[in-house]
Amino acid sequence: MKTTLMLTAALAASAIATAGMAQTPPRATTAQGALTGTIDNGVAAFLGVPFAAAPTGANRWAAPKAAANWGTKVADKYGPACPQVLAPPGGRAQWTDEFMHPAALGTSEDCLNLNIWTPANLTSGRPSQSGLPVLVYIYGGAFNEGSNAVAVYNGANMAKKGVIFVGINYRVGPFGFLATPELSAEQGGASGNYGIQDQIAALRWVHDNIATFGGDPSKVTIAGQSAGGMSVHALIASPPAKGLFRGAIVEAGGIGGTFGPKTTAETNGQAFVGTLGTTTLADARKLTVEQVMAGKGTRGAVLADGKIIPAGGPPTPAASDVPVLIGANLNEGGVKTVTAEAWKADLQTRYGARAADALKLYPANSDAEAKASAEQEAADRTFITYQDFVTRRASSQPVYAYQFTHVLPGPKSAQYGAFHTSELPYVFNTLHLTVARPITAEDRRIGDETSSYWANFVKTGNPNGGALPRWPAFNDGRQVMNLGDKPAARSPDLDLLRSGQPPRPATPAAAPAPAPAPAPAR
């Protein structure tokens, strides 16, 4: 099985270069120099394009600097990922190789690069189309791993729907989010959030250069999943990011608005530096990547530094008031195991006088039905937070909410269900790049349908269009779009669900505030 996964992943990684061999390569000219790209699945692709200088030496743990001029550059291969612990062959649990950075590409501090897929013909060096909308995608990985070279983030099929797709890299782990008092003193009173600053730098590069690929810099939508979705919330809150995008997509990234305090991050960061065996920032910047990665006690996390992310809250006020598409998968919290009797008892405990109403919506006539009901009820409670999100935004901009329920087929599908991240091959219509999975015609239909909703939102700020089933805004009647075998809008009883929220464990008054929980594994 692992041999098959490795072979398939290797073939997928080499497919772009092979596809471009027999065709005239596309060309483009950016502010830093000329690019020669490749043809991927029938569209122009420019891969591994630097959008900032290597954050090495004195630039380690600093805001990204402008990329150097390169004259002419061949951009037909993915670049390295930022430093991280790579997954073993076969991936991790349900996240098999198609969800992981290809180990063959390696990692490097010189990692601030992006990939562009455009429907415009660029064989002449000038785009055959102009004014195209742009989707900038930000990967997940708990702010500790991730890469724009992950197979299912390929943007060719989105480009075929009339959208320029840009996948960016950003620093993760201690390289992307270390904050210390010394760093803050060096950098005007705030440190950390280097990964978010990388994302802003990539957006600025897109703003300045995307027209040469046929794009419109005023028509940029940002999107991210998991930690990438949290990044989207951070960018919405960030004053330096204002004006760089007009729409936002959040997949399994929570509802945002709460970021860790600067003082806690600095304390944790100082402790981390102490585990490196150094006493000064200058010494820490001289360490090898491996020595920094061996440090103990800190993880990637966005913080309210008062500079990139405003201090105060929650919630942190939004700097950018834009349309939002937001949602999660049915089994983000895993597949439940529960008997009918246990489920009935749970509903009685949590819902009390309204237990009978809850049982009608989430029945338990058998153990199998109780299991399905427990999964659905847990997933539906997510929409309580979306209602709060809409309320506190106090905005006329629409919010479109979804729940993705289709199960990506595979040997562990029954074990994991519609798991965290499994919507992405459908969202980007990249099922052809999944490995060792029995993809069916029905899967391909759902992929075409789901990716069309996303493409429509990028084009207009509204997922509706064509013959797609209507997706109402969540602002209008708290309706949620069920994306699966038969897309349909429904209205979860949020008032009922709110009455049955599990009680939160009490926190002792003397206990310090807990650190923000890390993002899920992807």
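The values are calculated or read from the model by the stated rules, or taken from the named source; none is laboratory data. No experiment lies behind these values; they were computed from the predicted model shown. When we count neighbours, we look across all protein chains shown, and the Cβ atoms used for this are built from the backbone with ideal geometry, even at glycine. Heavy atoms of the whole protein, side chains included, go into the accessibility calculation; ligands, DNA and RNA do not. Shrake-Rupley method; radii C 1.70, N 1.55, O 1.52, S 1.80 Å.
Restricting the range 447-500 to residues that are touching a residue at least 60 places away in the same chain (Cβ under 8 Å), over 17 Å from Tyr386 (Cβ atoms) and charged (D, E, K, R) leaves a set whose member that is surrounded by the fewest Cβ atoms within 10 Å (Cβ to Cβ) is Asp485.
Cβ-Cβ contacts under 7 Å between residues 6 or more apart (or on different chains), taken from a first residue in the range 368-393 that is farther than 16 Å from Ile236 by Cβ and hydrophobic (A, V, I, L, M, F, W, C) to a second residue that is open to solvent by less than 40 Å² (accessible area, probe 1.4 Å) and not in a helix (DSSP H, G or I), are listed as Ala370/Val338; Ala370/Ala364; Ala374/Val338; Ala379/Leu330; Ala379/Gln403; Phe383/Ala401; Phe383/Val480; Phe383/Pro492. For residues that are touching a His at 6+ places or on another chain (Cβ under 9 Å) and of a type in the set (A, V, I, L, M, F, W, C), scanning just the range 427-446, find the one that is farthest from Asn329 (Cα to Cα). The extreme case among them is Ile439. Taking (1) at pLDDT 95 or above; (2) touching a Leu at 6+ places or on another chain (Cβ under 7 Å) in turn, Gly260 satisfies each apart from (1). Looking across the range 39-65, the residues that are touching a helix residue (DSSP H, G or I) at 6+ places or on another chain (Cβ under 8 Å) and on the phi > 0 side of the Ramachandran plot come down to Asn41, Gly42, Gly57, Trp61. Taking the numbered list (1) in contact with a helix residue (DSSP H, G or I) (Cβ under 7 Å, 6 or more places away or on another chain); (2) more than 17 Å from Leu497 (Cβ to Cβ) in turn, Gly313 passes all entries but (1).
Among the helices (runs of 4 or more DSSP H) lying completely within the range 210-325, list those that include at least 1 residues that are open to solvent by less than 20 Å² (accessible area, probe 1.4 Å) and within 30 Å of Ile164 (Cβ to Cβ).
Values: elements: 227-237, 262-274, 281-286, 289-293.
By residue number, 227-237.
Can you pull out the strands (runs of 3 or more DSSP E) entirely within the range 73-168 that have at least 2 residues that are at pLDDT 95 or above and open to solvent by 10 Å² or more (accessible area, probe 1.4 Å)? Please lay out each step first, then the result.
Details: elements: 113-118, 132-138, 164-168.
In the range 73-168, the matching strands (runs of 3 or more DSSP E) lie at 132-138.
Within the range 178-206, the only residue that satisfies the criterion of being part of a loop (DSSP other than H, G, I, E, B) and among the β-branched types (Val, Ile, Thr) is Thr180.
Tell me which residues, restricted to the range 435-445, are over 14 Å from Asn157 (Cα atoms) and either touching a Leu at 6+ places or on another chain (Cβ under 9 Å) or of a type in the set (Ser, Thr, Tyr) (or both).
Quick first cut of the range 435-445, residues over 14 Å from Asn157 (Cα atoms) only: 435-443.
Across the range 435-445, the qualifying residues are Val435, Ala436, Arg437, Ile439, Thr440, Asp443.
Of all residue pairs spaced 6 or more apart or on separate chains, those with beta-carbon atoms under 6 Å, a first member in the range 304-315 that is aliphatic (A, V, I, L, M) and a second member that is open to solvent by 50 Å² or more (accessible area, probe 1.4 Å) are Ala304/Ala311. Among the residues of the range 356-377, are any in contact with a Ser or Thr (Cβ under 6 Å, 6 or more places away or on another chain), within 27 Å of Glu251 (Cα to Cα), open to solvent by less than 40 Å² (accessible area, probe 1.4 Å) and hydroxyl-bearing (Ser, Thr, Tyr)? Taking every residue of the range 356-377 in turn, at least one turns out to be in contact with a Ser or Thr (Cβ under 6 Å, 6 or more places away or on another chain), within 27 Å of Glu251 (Cα to Cα), open to solvent by less than 40 Å² (accessible area, probe 1.4 Å) and hydroxyl-bearing (Ser, Thr, Tyr). Contact map, the range 332-352: first residue in contact (Cβ under 8 Å) with a residue 40 or more places away in the chain and among the aromatic types (Phe, Trp, Tyr), second residue open to solvent by 50 Å² or more (accessible area, probe 1.4 Å) and part of a helix (DSSP H, G or I), Cβ cut-off under 7 Å, separation 6 or more or different chains; pairs are Tyr351/Ser499. Inspection of the range 40-54 identifies no residue that is over 19 Å from Gly167 (Cα atoms) and either open to solvent by 10 Å² or more (accessible area, probe 1.4 Å) or modelled with pLDDT of 50 or more (or both).
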